[in-house]
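Working notes for the structure below.
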Amino acid sequence: MIKKIQKIRLQYNCPFCKKDIIASKKTEVFYRSHWINGCNECFELSISEATTIGFQEVDY
């Protein structure tokens, strides 16, 4: 009998948007002169010219 191997996906909670994401999908977000692990969507907000000022004002 062959036993199926189950992949366990570790979850990571983004400190900015509070979403649970797969840990392998996290990226570093530049926030107030520090690099903090977060999700891709928050990374895009942190580097976009239109949203960078508002994003840097959010406290987590």
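Could you grab the pairs with beta carbons closer than 6 Å, sequence gap of 6+ or different chains, first residue in segment 19-34 and in a helix (DSSP H, G or I), second one of a type in the set (A, V, I, L, M)?
Every condition considered, the pairs that remain are A23/L10.
Mind listing whichever residues of segment 14-25 are within 27 Å of G54 (Cβ to Cβ) and open to solvent by 80 Å² or more (accessible area, probe 1.4 Å)?
K18, K19, D20, K25
The values are calculated or read from the model by the stated rules, or taken from the named source; none is laboratory data. Computed from a prediction, not measured in an experiment: that's the story for all the values here. When we count neighbours, we look across all protein chains shown, and the Cβ atoms used for this are built from the backbone with ideal geometry, even at glycine. All accessible areas refer to the heavy atoms of the entire protein, side chains included, with ligands and DNA or RNA removed. Shrake-Rupley method; radii C 1.70, N 1.55, O 1.52, S 1.80 Å.
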